[in-house]
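Chemist: Below: one structure in structure tokens.
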Amino acid sequence: AEAEALSGAVVTLLADVSVSSTITINKDLTVNLNGYTLSGGNGTSSVFQVSGGATLVMDGSASGSTFIGQLHMGVGADDNGNTILNGGTYRSTEDFPVLHVDGSCTNSNVTIENATVESTDNTGILLIGAGTHTITNSTISGKTAVHLQSGRLTVGDSTLASTAITHADYANNDSGSNPTGDVVVVGSSALSSKNPTLVLGR
């Protein structure tokens with residue numbers, strides 16, 4: 001499915017909503033969760049796929065605001081997408097990250113503020129493509145909380161945690177996308193040329 005809306009439109013939830021197919025966002029859009037839950041149904045992993053340089057703002061500032069599924073930035077060669085998570089809880093209960101920046105992206109930016117991001121079975125946030133990323137006053141968890149392969153990530157006043165019991169052999173993880181049990185992974189054996197930068201505290 002593709003979201004047909006004017007750039008800058010605001011969609012406000014008035015009840016819990018489950019979507020059964022991926023929604024492609026290619027214009028700036030704000031989704032106000034408004035205290036409700038937005039989730040992917042029928043095995044849908046990517047609830048939103050953001051491309052065309054668009055920015056998706058998830059407004060979770062109202063108490064109880066919850067997103068269940070995956071936010072995927074970018075599709076195809078250098079087709080960037082940006083996202084801002086402002087408050088709320090963002091959760092993956094299946095084997096995929098909550099937020100994923102595609103490896104083809106050269107300028108897909110992620111901002112997370114006052115939010116909770118948690119993946120039960122995978123990485124919380126997977127940043128393969130390049131961009132400028134910021135996590136502030138938030139809690140990020142997963143078998144690996146954050147995997148940064150490219151771009152610049154600044155983390156301030158936040159809690160990052162790994163929920164994995166054992167650690168994977170990262171040296172043999174060519175794709176660099178599997179959760180390792182580390183709190184943060186920077187770079188990978190196969191994609192080390194992408195020059196990721198991690199800044200803790202600011």
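The values are calculated or read from the model by the stated rules, or taken from the named source; none is laboratory data. All values derive from a computational prediction rather than experimental measurement. No Cβ is skipped: glycine too gets one built from the backbone with ideal geometry, and neighbour counts run over all protein chains shown. What goes into the accessible areas is simple: the full protein's heavy atoms, side chains included, and nothing from ligands, DNA or RNA. Shrake-Rupley method; radii C 1.70, N 1.55, O 1.52, S 1.80 Å.
Chemist: At 1.4 Å probe size, with every protein chain present, just tell me what the per residue accessible area of the range 1-130 comes to in Å².
Modeler: 38
Chemist: Ranked highest first by average number of other Cβ atoms within 10 Å, how do 154-161, 62-69 line up?
Modeler: Result, highest mean first: 62-69, 154-161.
Chemist: Could you compute the net charge surrounding residue 121? Neighbours are other residues with a C-beta less than 15 Å from the C-beta of residue 121; K and R count +1, D and E count -1.
Modeler: In short, -1.
Chemist: Tell me, rounded to the nearest percent, the portion of alpha carbon pairs in the range 30-132 spaced more than 16 Å apart.
Modeler: More than 16 Å apart: 52 percent of the Cα pairs in the range 30-132.
Chemist: Please compute the length gained on full extension between residue 157 and residue 107, using 0.36 nm multiplied by the number of residues separating them and subtracting their Cα-Cα distance.
Modeler: My answer for the length gained is 15.5 nm.
Chemist: Determine the gain in length on full extension of the stretch residue 114-residue 20; use 0.36 nm per residue of separation and subtract their C-alpha separation, reporting nm with one decimal.
Modeler: This chain segment gains 31.0 nm when fully extended.
Chemist: Still on this structure, please answer the following. Using a 1.4 Å probe on the protein heavy atoms, what percent of the accessible area of the range 19-85 belongs to carbon and sulfur?
Modeler: 43
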